[in-house]
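Structure record follows, encoded as structure tokens.
Here, each number is a calculation from the coordinates, and none is a lab measurement. What you see is a predicted model; the values in this text were computed from it and never measured. Here the Cβ is made from the backbone with ideal geometry for all residues, glycine too, and neighbour counts use every protein chain on show.
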Amino acid sequence: MTRNRLNVRTGDTVRVIAGNYSGATGQVLRTIPAKGQVVVADVNMRKHHRRPTQRDPEGGIMTFEAPIRASNVMLVCPHCDEPTRVSRRHDEDGTIERICKRCDNPIPTAG
Ligand SMILES: [Zn+2]
């Protein structure tokens, strides 16, 4: 099985570049590498109708973000504020930095 390394990480700001939410920008809430999917805040919202239960006597409609394909999003560089591809570079202290292909600045990893 091939390794699934996603192009984005939790906490990244991404632009959706394909699909129903094309053009939307949001923060990555969760990544699902095994499925090649990501969950992006306010993107691909789904409604879930819940009937009242004892724990949740109100029931009603809950909205939540459904996962989308990681290939449909691009990382937004905080320096040039554009969707970009990244390269990886090993830092002097051994950590891996992600480098914006547009402006050559390292992209910080949130969290
Ligand atoms: Zn940049």
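Please indicate, with yes or no, whether at least one residue in segment 43-57 is in contact with a Phe, Trp or Tyr (Cβ under 8 Å, 6 or more places away or on another chain), surrounded by 15 or more Cβ atoms within 10 Å (Cβ to Cβ) and either of a type outside the set (A, V, I, L, M) or touching a residue at least 12 places away in the same chain (Cβ under 8 Å) (or both). Even if it seems obvious, please write down each step before you answer.
From segment 43-57, those in contact with a Phe, Trp or Tyr (Cβ under 8 Å, 6 or more places away or on another chain) are 43-46, 48; that's our starting set.
Cutting the leftovers down to surrounded by 15 or more Cβ atoms within 10 Å (Cβ to Cβ) gives us 43-44.
Next, from what is left, pick out any that are either of a type outside the set (A, V, I, L, M) or touching a residue at least 12 places away in the same chain (Cβ under 8 Å) (or both): 43-44.
For segment 43-57, residues in contact with a Phe, Trp or Tyr (Cβ under 8 Å, 6 or more places away or on another chain), surrounded by 15 or more Cβ atoms within 10 Å (Cβ to Cβ) and either of a type outside the set (A, V, I, L, M) or touching a residue at least 12 places away in the same chain (Cβ under 8 Å) (or both): present.
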Quiz prompt | Count - residues of segment 65-111 that are more than 12 Å from the ligand (Cβ to nearest atom) and not aliphatic (A, V, I, L, M) | solution = 16
Self-check item: Residue list for segment 14-48, restricted to those being under 10 Å from the mean Cα position of the chain (by Cα), of a type in the set (Val, Ile, Thr) and more than 15 Å from Ala66 (Cβ to Cβ)
Solution: Val14, Thr25
Practice problem: Would you tally the residues in segment 1-27 being of a type in the set (A, V, I, L, M) and without any contact (Cβ under 8 Å) to a residue 24 or more places away in the chain? | Solution: 2
